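The values are calculated or read from the model by the stated rules, or taken from the named source; none is laboratory data. The structure presented is a predicted model; accordingly, all values stated were derived computationally and were not measured. Cβ placement follows ideal geometry from the backbone for every residue including glycine, while neighbour counts extend to all protein chains displayed.
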Amino acid sequence: MTDFRNRIAVVTGANRGLGAGLARAFIKAGLRVAGLARGSLSAESPPEGEHFLYRRVDVRAAAAVERFAEEVAASLGPIDLWVNNAGVLAPIGMARDTSAEEFAQHISTNVCGVFNGSRAYLRHLRETGRHGALVNISSGAAHSPYRGWSAYCAGKAAVDQLTRVLAEEEGREGVRIFALAPGIIETEMQAFIRSQSEESFPDVGKFIQMFEERALSPPEAPAEALLRLALDPSSSLDSPVIDIRGIENR
């Protein structure tokens, strides 16, 4: 079994939801975690201290993300794992009713933010001469079209393809790179989805049914599989785009 103690991980969007759950689980596994997000820490977040460094950074600001990576390396040491998790769901609604500005803002966070984090980390690895792991959080929405989710589906599909390109570019250098669809996780985002009207999101009933059937996983659930795939040298990556439902029982 791989020893994760004192490994250094970065998690974007670490102040709530899946990001906070991953940060908590990583710390429990022995890692030291540096988290970033636009907002303040929440009750879901790990407490700041020896094992958790937190900064308010907007992933849309490339220079700020790069400075954060430099600070983490200087404060904690070389970064072993970078998880691009930060993302938004809005706007929800038919494409005809979505403004170009709303769509662009979404892509700025969900796609450009992933690019900014990936670029900062890959530059860090090149400068330090180390092999690390880069994980981009994806979604089933990358390949399943949902009415009312034009921005979210397009953005996650872009993340998957960006990940494939990065794996082609950097995989030969020993960097493990993959996108992981974590399954349906119970977060504020899911509650927001369930609050939508059928007019703006016709498939809302599916998400309400999954909630009522208790089919959602807690935010910490994907951490074990993510760490194994990212940091265990004996684990194999069959594809740079992975759905956790296909690996949980392997």
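Before we move on, is GLU220 in a helix (DSSP H, G or I) and acidic (Asp, Glu)? No; evaluated as a whole, the condition is false for this residue. You will find that of ARG172, ARG164, the residue that is basic (Lys, Arg), modelled with pLDDT under 95 and not in a loop (DSSP other than H, G, I, E, B) is ARG172 and no other. Considering region 32-45 alone, what residues qualify as being out of contact with any helix residue (DSSP H, G or I) (no Cβ under 8 Å at 6 or more places or on another chain) and buried (at least 18 other Cβ atoms within 10 Å of the Cβ)? Scanning region 32-45 gives ARG32, LEU41. When the criteria are applied in full, ALA14 meets the requirement of being assigned to a loop (DSSP other than H, G, I, E, B), of a type in the set (A, V, I, L, M) and under 25 Å from THR163 (Cβ atoms). Residues in region 176-210 that are over 18 Å from ALA142 (Cβ atoms), touching a Lys or Arg at 6+ places or on another chain (Cβ under 6 Å) and among the hydrophobic types (A, V, I, L, M, F, W, C): ILE208 only. Scanning region 142-153 for residues that are assigned to a helix (DSSP H, G or I), over 18 Å from GLY183 (Cα atoms) and not hydroxyl-bearing (Ser, Thr, Tyr) gives a single hit, ALA151. Of the conditions (1) farther than 19 Å from ALA9 by Cα; (2) in contact (Cβ under 8 Å) with a residue 12 or more places away in the chain; (3) within 21 Å of the chain's Cα centre (by Cα), VAL165 fails just one. Which one is it? The number of the failed condition is (2). Is there a residue being in contact with an Asp or Glu (Cβ under 6 Å, 6 or more places away or on another chain) and within 19 Å of TYR146 (Cβ to Cβ) anywhere in region 89-103? Scanning region 89-103, I find at least one residue that is in contact with an Asp or Glu (Cβ under 6 Å, 6 or more places away or on another chain) and within 19 Å of TYR146 (Cβ to Cβ), so the answer is yes. Of all residues in region 92-143, which are at pLDDT 95 or above, of a type outside the set (Val, Ile, Thr) and in contact with a Leu (Cβ under 8 Å, 6 or more places away or on another chain)? Residues satisfying the conditions are PHE115, SER118, TYR121, LEU122, GLY132, ALA133, LEU134, ASN136, SER138. Take the residues of region 72-88 that are aliphatic (A, V, I, L, M) and over 13 Å from the mean Cα position of the chain (by Cα): which is surrounded by the fewest Cβ atoms within 10 Å (Cβ to Cβ)? Result: ALA74. Just to be sure before I move on: is ALA69 assigned to a loop (DSSP other than H, G, I, E, B), under 20 Å from LEU122 (Cα atoms) and under 17 Å from the mean Cα position of the chain (by Cα) in the structure I sent? When the stated conditions are applied, ALA69 does not pass them.
Mind checking whether some residue in region 174-195 is free of Cβ contacts under 8 Å to residues at least 24 places away in the same chain and of a type in the set (S, T, N, Q)? Yes, region 174-195 has at least one match.
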